[in-house]
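Engineer: One structure follows; several queries about it will come next.
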Amino acid sequence: MAPSDLPCWIPPPEYGVSRVPCAGRFAAVVLPRPVGELLLKAAPSRGVIVDVAADVLVWLVPPGSLTTDAVPGASLLGPGDAVHVPPAEWRRWEPVRWVVPPRGDCLAEPAVLSSALRRLSGRVCVCCGVLPERPAVITGAAADGQCVSLTSCQLHADEVTEALEYAAEVAEAARVSA
(Lines give C-alpha, C1' and ligand atoms only; values in the text may rest on other atoms or scores of the structure.)
Protein backbone atom coordinates (compact mmCIF):
# COMPACT_ATOMS: atom_id res chain seq x y z
CA MET A 1 0.00 0.00 0.00
CA ALA A 2 1.32 3.43 -0.86
CA PRO A 3 2.17 5.59 2.15
CA SER A 4 -0.40 8.17 0.99
CA ASP A 5 -3.14 5.53 1.47
CA LEU A 6 -2.31 5.21 5.17
CA PRO A 7 -3.21 7.57 8.01
CA CYS A 8 -0.85 10.53 8.38
CA TRP A 9 0.06 9.46 11.94
CA ILE A 10 2.07 6.45 10.69
CA PRO A 11 5.70 7.60 10.57
CA PRO A 12 7.88 7.25 7.48
CA PRO A 13 10.72 4.68 7.68
CA GLU A 14 13.40 7.37 8.03
CA TYR A 15 11.77 8.55 11.30
CA GLY A 16 11.61 5.11 12.87
CA VAL A 17 9.18 4.57 15.75
CA SER A 18 7.17 7.63 16.79
CA ARG A 19 5.22 8.22 19.96
CA VAL A 20 1.78 9.05 18.57
CA PRO A 21 -0.92 10.58 20.81
CA CYS A 22 -4.25 8.74 20.70
CA ALA A 23 -5.99 12.15 20.71
CA GLY A 24 -9.17 11.16 18.87
CA ARG A 25 -7.27 9.15 16.23
CA PHE A 26 -7.64 5.81 17.99
CA ALA A 27 -7.84 4.10 21.35
CA ALA A 28 -5.40 1.31 22.22
CA VAL A 29 -5.96 -1.96 24.04
CA VAL A 30 -2.68 -3.07 25.62
CA LEU A 31 -2.17 -6.66 26.75
CA PRO A 32 0.82 -8.50 28.19
CA ARG A 33 2.53 -10.45 25.39
CA PRO A 34 1.42 -13.99 26.42
CA VAL A 35 -2.22 -12.94 26.74
CA GLY A 36 -2.00 -10.81 23.59
CA GLU A 37 -0.59 -13.69 21.56
CA LEU A 38 -3.45 -15.90 22.69
CA LEU A 39 -5.94 -13.19 21.72
CA LEU A 40 -4.25 -12.80 18.35
CA LYS A 41 -4.64 -16.54 17.70
CA ALA A 42 -8.32 -16.32 18.63
CA ALA A 43 -8.98 -13.22 16.54
CA PRO A 44 -6.37 -12.40 13.88
CA SER A 45 -6.60 -8.71 13.25
CA ARG A 46 -5.11 -5.69 11.58
CA GLY A 47 -4.18 -2.74 13.76
CA VAL A 48 -1.91 -4.78 16.07
CA ILE A 49 1.55 -3.62 17.11
CA VAL A 50 4.14 -5.70 18.97
CA ASP A 51 6.34 -3.77 21.41
CA VAL A 52 9.13 -6.17 22.39
CA ALA A 53 10.75 -3.84 24.94
CA ALA A 54 7.48 -3.37 26.82
CA ASP A 55 6.55 -7.07 26.28
CA VAL A 56 3.05 -6.13 25.09
CA LEU A 57 0.75 -6.30 22.09
CA VAL A 58 -1.29 -3.21 21.27
CA TRP A 59 -4.58 -3.19 19.33
CA LEU A 60 -5.55 0.13 17.78
CA VAL A 61 -9.33 0.56 17.74
CA PRO A 62 -11.73 3.43 16.96
CA PRO A 63 -11.95 5.88 19.89
CA GLY A 64 -14.72 5.00 22.37
CA SER A 65 -15.49 1.68 20.71
CA LEU A 66 -14.30 -0.71 23.40
CA THR A 67 -13.73 -1.19 27.10
CA THR A 68 -11.37 -3.71 28.67
CA ASP A 69 -13.48 -4.60 31.71
CA ALA A 70 -13.71 -8.16 30.39
CA VAL A 71 -9.99 -8.90 30.62
CA PRO A 72 -7.94 -8.44 33.79
CA GLY A 73 -4.51 -7.08 32.97
CA ALA A 74 -5.63 -5.18 29.88
CA SER A 75 -5.18 -1.43 29.69
CA LEU A 76 -7.21 0.92 27.52
CA LEU A 77 -5.39 4.02 26.32
CA GLY A 78 -7.28 7.01 25.02
CA PRO A 79 -7.12 10.81 24.91
CA GLY A 80 -4.06 12.01 26.80
CA ASP A 81 -2.17 8.75 26.16
CA ALA A 82 0.27 7.88 23.38
CA VAL A 83 1.38 4.71 21.60
CA HIS A 84 4.69 3.77 19.97
CA VAL A 85 3.84 3.43 16.28
CA PRO A 86 6.32 1.92 13.81
CA PRO A 87 6.60 2.72 10.11
CA ALA A 88 4.27 0.64 7.92
CA GLU A 89 7.22 -1.31 6.53
CA TRP A 90 8.35 -2.58 9.94
CA ARG A 91 6.90 -6.09 10.21
CA ARG A 92 9.63 -8.64 10.89
CA TRP A 93 12.53 -8.11 13.29
CA GLU A 94 12.16 -4.57 14.60
CA PRO A 95 11.50 -4.20 18.34
CA VAL A 96 8.28 -2.29 17.61
CA ARG A 97 6.48 -3.67 14.54
CA TRP A 98 3.12 -4.32 12.92
CA VAL A 99 1.76 -7.89 13.18
CA VAL A 100 -0.26 -7.49 9.97
CA PRO A 101 0.74 -4.98 7.29
CA PRO A 102 -1.22 -1.79 7.96
CA ARG A 103 -3.95 -0.87 5.53
CA GLY A 104 -6.97 1.42 5.44
CA ASP A 105 -7.49 3.18 8.74
CA CYS A 106 -5.11 0.70 10.46
CA LEU A 107 -7.67 -0.02 13.17
CA ALA A 108 -8.86 -3.38 14.47
CA GLU A 109 -12.54 -4.30 14.22
CA PRO A 110 -13.92 -3.58 17.73
CA ALA A 111 -16.76 -6.15 17.60
CA VAL A 112 -14.38 -9.00 16.73
CA LEU A 113 -11.86 -7.88 19.34
CA SER A 114 -14.58 -7.46 21.99
CA SER A 115 -15.87 -10.98 21.37
CA ALA A 116 -12.37 -12.44 21.59
CA LEU A 117 -11.68 -10.45 24.79
CA ARG A 118 -14.84 -11.89 26.39
CA ARG A 119 -13.80 -15.45 25.45
CA LEU A 120 -10.32 -14.83 26.84
CA SER A 121 -11.50 -13.31 30.12
CA GLY A 122 -12.11 -16.70 31.74
CA ARG A 123 -8.54 -17.82 31.08
CA VAL A 124 -6.51 -15.07 32.75
CA CYS A 125 -5.84 -14.53 36.44
CA VAL A 126 -8.37 -12.14 38.01
CA CYS A 127 -5.62 -10.76 40.28
CA CYS A 128 -2.60 -10.18 38.05
CA GLY A 129 -3.92 -10.55 34.51
CA VAL A 130 -1.42 -13.20 33.42
CA LEU A 131 -2.30 -16.28 31.44
CA PRO A 132 -1.35 -19.06 33.88
CA GLU A 133 0.20 -22.29 32.65
CA ARG A 134 -1.72 -24.13 35.36
CA PRO A 135 -4.83 -22.08 36.09
CA ALA A 136 -6.86 -22.54 39.23
CA VAL A 137 -10.62 -22.21 38.71
CA ILE A 138 -12.25 -21.40 42.04
CA THR A 139 -16.00 -21.56 42.50
CA GLY A 140 -17.90 -19.90 45.31
CA ALA A 141 -20.63 -17.44 46.18
CA ALA A 142 -20.40 -13.76 45.40
CA ALA A 143 -21.63 -11.20 47.93
CA ASP A 144 -25.04 -11.16 46.20
CA GLY A 145 -25.34 -14.92 46.70
CA GLN A 146 -24.80 -15.79 43.03
CA CYS A 147 -22.45 -18.65 42.19
CA VAL A 148 -19.28 -17.50 40.44
CA SER A 149 -16.20 -19.21 39.03
CA LEU A 150 -12.96 -17.25 38.94
CA THR A 151 -9.65 -18.12 37.30
CA SER A 152 -6.37 -17.37 39.01
CA CYS A 153 -2.74 -18.28 38.74
CA GLN A 154 -1.34 -20.60 41.42
CA LEU A 155 0.24 -17.62 43.21
CA HIS A 156 -3.15 -15.94 43.79
CA ALA A 157 -5.36 -19.03 44.29
CA ASP A 158 -5.41 -18.66 48.09
CA GLU A 159 -6.33 -14.96 47.88
CA VAL A 160 -9.21 -15.67 45.49
CA THR A 161 -10.43 -18.52 47.71
CA GLU A 162 -10.35 -16.25 50.79
CA ALA A 163 -12.20 -13.50 48.90
CA LEU A 164 -14.96 -15.91 47.85
CA GLU A 165 -15.22 -17.29 51.39
CA TYR A 166 -15.59 -13.74 52.72
CA ALA A 167 -18.21 -12.98 50.06
CA ALA A 168 -20.15 -16.08 51.14
CA GLU A 169 -20.04 -14.88 54.76
CA VAL A 170 -21.35 -11.46 53.74
CA ALA A 171 -24.14 -13.06 51.71
CA GLU A 172 -25.10 -15.31 54.63
CA ALA A 173 -25.09 -12.40 57.10
CA ALA A 174 -27.31 -10.37 54.77
CA ARG A 175 -29.69 -13.33 54.37
CA VAL A 176 -29.93 -13.87 58.15
CA SER A 177 -30.53 -10.18 58.90
CA ALA A 178 -33.20 -9.85 56.22
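Engineer: Once every Cα of the chain carries one equal point scatterer and solvent is ignored, give the base-10 log of I(q)/I(0) from the Debye formula at q = 0.10, 0.17 Å⁻¹, two decimals.
Structural biologist: -0.47, -1.00
Engineer: Amide H neighbours of Val20 under 5 Å, counting only residues 5+ apart in sequence or on other chains, H built in-plane at 1.01 Å?
Structural biologist: It is Val83, His84, Val85, by chain and number.
Engineer: So, one more: Answer rounded, prolate or oblate for the stretch 124-178, using the Cα gyration tensor with square roots of eigenvalues a ≥ b ≥ c: rounded when a/c is under 1.5, else prolate when a/b is larger than b/c, else oblate.
Structural biologist: Prolate, because a/c is 1.5 or more and a/b exceeds b/c.
Engineer: Write down the accessible area per residue of the chain in Å², having rolled a 1.4 Å probe over the full set of protein chains.
Structural biologist: Heavy-atom accessible area per residue stands at 55 Å².
Engineer: With the alpha-carbon atoms as the only input, what is the per residue convex hull volume for the stretch 1-100 in Å³?
Structural biologist: 105
Engineer: Could you work out how far helix 157-177 tilts from the main Cα principal axis of the chain, as a 0 to 90 degree angle to the nearest 10?
Structural biologist: 50
Engineer: Would you mind telling me the share, in percent, of accessible area of the chain contributed by carbon and sulfur at probe 1.4 angstrom?
Structural biologist: Values: 5340 of 9770 Å².
It is 55 percent, rounded to a whole number.
Engineer: Run lengths n ≥ 4 of DSSP H only: what is the helix-derived mean residue ellipticity at 222 nm for the chain, with -39500 (n - 2.57) per run over all residues, to the nearest 500?
Structural biologist: Using -39500 (n - 2.57) per qualifying helix, the result is -8000 deg cm²/dmol.
Engineer: Can you compute the charge dipole magnitude of the chain about its Cα centre, using +1 on each Lys and Arg Cβ and -1 on each Asp and Glu Cβ, nothing else charged? Give it in debye, rounded to the nearest 20.
Structural biologist: Dipole magnitude for the chain comes out near 660 debye.
The values are calculated or read from the model by the stated rules, or taken from the named source; none is laboratory data. These numbers come from a predicted model, not from an experiment. All Cβ positions, glycine included, derive from the backbone under ideal geometry; neighbour counts span all protein chains shown. These area figures cover heavy atoms from the full protein model, side chains too; ligands, DNA and RNA do not enter into them. Shrake-Rupley method; radii C 1.70, N 1.55, O 1.52, S 1.80 Å.
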